[in-house]
Amino acid sequence: MELPVLIAVILFVCLLAGAAYLVASSMRSEKRSKEKLSEREGQLKREAYESEILRELGERFGYELNEAKIVDIIANSIGKLFSYSAVSSMLVSQEKLIFKIHLEESVGGTFINQVKDNMLASLEALGGPTIRERPFTQENTGTVIDDQNPRLVGSFFNIPIVINEKLAGLLNIASTGQGLYKEDEMTILYKIVTQASTAVSKLKHVLETEKGKLSAMVESMSEGVIMVDNETKLSIINPAAKEFLHLGEPEPSIFSVLDAWKQKFDLKAKIDEARKKDGLVVTDEIVMDDRVLKAFVSPVKDRRGQLIGAVVALHDISKEKELERLREDFTAMMVHELRSPLTAVRGASSALREHEKDFPKEKQTDYLHMIEDSAKDMLAIVTDLLDVAKIEAGKFQISPRETNMADLILHKAKEFQALAVEKGLSLETKVPDKVVLATFDPVRIGQVITNLVSNAIKFTQNGKVEIALVQEDKGLKITVSDTGPGIEEKDLGRLFSKFGQLESNKTRTAEGTGLGLVIAKGIVEAHGGKIWGESALGKGSTFSFTLPAPKS
């Protein structure tokens, strides 16, 4: 072959080789591009699936998030990522195993048993051989089972569900096809389950912390709290409610609660009424032995507005009822105290009017004195009531000035000397010989001494009454002692209460409003001092009060 022809052939072959190389290279590049594109599409698809699942977990559950619902969401949407014949879960719940399998295609019982055995084996490896000994429940959903289908499990993988570092169960993906699931697919699903499980773990920790705070708060409440679910099963009952209902059981049932009402209160009817009304229902007073209760029943809803039960708050109004009774008794007593002098005034004035012309002058004078004395009695009662009202309103005023306390005590003793002698009593004073100056309201403090000495003489039948003044580092101490019958310890504190004489079974009985010691307490406390009583039955009583230190 001639040289030019040979060169031409060689060039042509090179051109063909070059073209073939370029075509091959272009095809390889296109293939790589397609692979990268496909890989990128798969990655985007997995990322979109991951975002969608996590978003749905957050939106749908919030504070109700749990492992069973995680599995349900992932199982219902897993087809968006890859194909499968069945998706299954096996959860460890309350010391039992709960197996759920959702069939995407019809398979036989052998296929299902293979999946179940495979998951049990995995749980045994992770949780120990005792896993199989727990009670077992099974639930099938999806396509119907075809026992004539001979196909077996060709591909599968298990994803553990771990909550708070504790194995909660497994998620299983299985197919009749061979070699379907790759590492990338397993990784993305594992990542989603792990993130969701972590969210549940954190949330459960928050819930347990908040539940602990709530439980502590409910436990410490003085109000009774009872909560039931939608099936009227008892969810919560705090110690106060147990005490109100006299329930001694550590964990009473709803039947114990219903029985404790003794047909005085239909709890179920009130709960139904609150649900129907969709609002608060307040009951009438419920008398429970030594208590009077009022119940407030309200429906309870979750954050989505779904009804989840009802709560009953029990308020003990026994003290309010007792106070109401005491107020009524006090009002009746005041009316009675005013009625006597008013009756005397009316009787005397009527007699004077009817017999104006023929009434002897001496008798007219007696009746006028009777009217005057009755008016003074009424004025004293009204003055006491006004003083108590001012004390309770915080508007009680004093006019302190420097005064000799020793002189005030001696003066008050002189005023009562004739009354003491009339009763056959000895009235003694123990005061320093020197001048004892202090800054106080002599009129009001004189009122306190008058009240204490008057009571001592009134309730002492024999013996003596003593008024003493003692100078202490912190101030002055004035005591009035008697040799009367004494007062029971439980009644001493009540004497300084507005309703004291009504509350106690009085050892001492005498006419009067019983407000003297209440006013005395208000006067002493207005000076920055304290007043109290000490007594022993059969040995007498001592009432003392203190005033701030005297000026030097």
Residues of the range 128-142 satisfying the condition of being of a type outside the set (K, R), outside any loop (DSSP other than H, G, I, E, B) and open to solvent by 40 Å² or more (accessible area, probe 1.4 Å): P129, T130, E133, F136, T137, Q138, E139, N140, T141, G142
Candidates A274, A310 - the one that is assigned to a helix (DSSP H, G or I) and aliphatic (A, V, I, L, M): A274
Hits in the range 479-497 - residues which are over 24 Å from V388 (Cα atoms), surrounded by fewer than 18 Cβ atoms within 10 Å (Cβ to Cβ) and in contact with a helix residue (DSSP H, G or I) (Cβ under 8 Å, 6 or more places away or on another chain): P485
Filter result for I145 (in the same structural domain as S85 (by the TED database) and surrounded by fewer than 18 Cβ atoms within 10 Å (Cβ to Cβ)): yes
Strands (runs of 3 or more DSSP E) wholly inside the range 360-472 that include at least 3 residues being farther than 30 Å from V345 by Cα and of a type outside the set (S, T, N, Q): 426-430, 437-440, 464-472
Residue check for S256: over 20 Å from the mean Cα position of the chain (by Cα) and among the hydroxyl-bearing types (S, T, Y): yes
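Given the condition modelled with pLDDT of 75 or more and either over 52 Å from the mean Cα position of the chain (by Cα) or open to solvent by 80 Å² or more (accessible area, probe 1.4 Å) (or both), answer yes or no: does some residue in the range 327-342 qualify?
Among the residues of the range 327-342, not one is modelled with pLDDT of 75 or more and either over 52 Å from the mean Cα position of the chain (by Cα) or open to solvent by 80 Å² or more (accessible area, probe 1.4 Å) (or both), which makes the answer no.
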First in the range 131-155 and of a type in the set (G, A, S), second anywhere and exposed (fewer than 12 other Cβ atoms within 10 Å of the Cβ), Cβ under 9 Å, 6 or more apart: G154/Q178; G154/G179; S155/Q178; S155/G179
L437 vs. criteria hydrophobic (A, V, I, L, M, F, W, C) and either closer than 18 Å to V465 by Cβ or modelled with pLDDT of 95 or more (or both): no
Residues being free of Cβ contacts under 8 Å to residues at least 40 places away in the same chain, under 30 Å from G516 (Cβ atoms) and either β-branched (V, I, T) or open to solvent by less than 70 Å² (accessible area, probe 1.4 Å) (or both) - total across the range 352-381: 5
Selection from the range 161-190 of residues that are at pLDDT below 70 and surrounded by 16 or more Cβ atoms within 10 Å (Cβ to Cβ): E185, I188
Pick from the range 453-469, criterion touching a strand residue (DSSP E or B) at 6+ places or on another chain (Cβ under 9 Å) and farther than 14 Å from L410 by Cα, ranking: most open to solvent (accessible area, probe 1.4 Å): K464
Some residue of the range 108-124 being at pLDDT 90 or above and assigned to a loop (DSSP other than H, G, I, E, B): yes
Residues satisfying the stated conditions in the range 259-307, i.e. within 18 Å of I236 (Cα to Cα), open to solvent by 90 Å² or more (accessible area, probe 1.4 Å) and more than 20 Å from the chain's Cα centre (by Cα): D259, K268
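The values are calculated or read from the model by the stated rules, or taken from the named source; none is laboratory data. As the structure is a prediction and not an experimental result, all values here were calculated from the model. Counting neighbours? That spans all protein chains shown, and the Cβs are built from the backbone with ideal geometry, glycine included. Please note that ligands, DNA and RNA were not included when accessible areas were found on the heavy atoms of the full protein model with its side chains. Shrake-Rupley method; radii C 1.70, N 1.55, O 1.52, S 1.80 Å.
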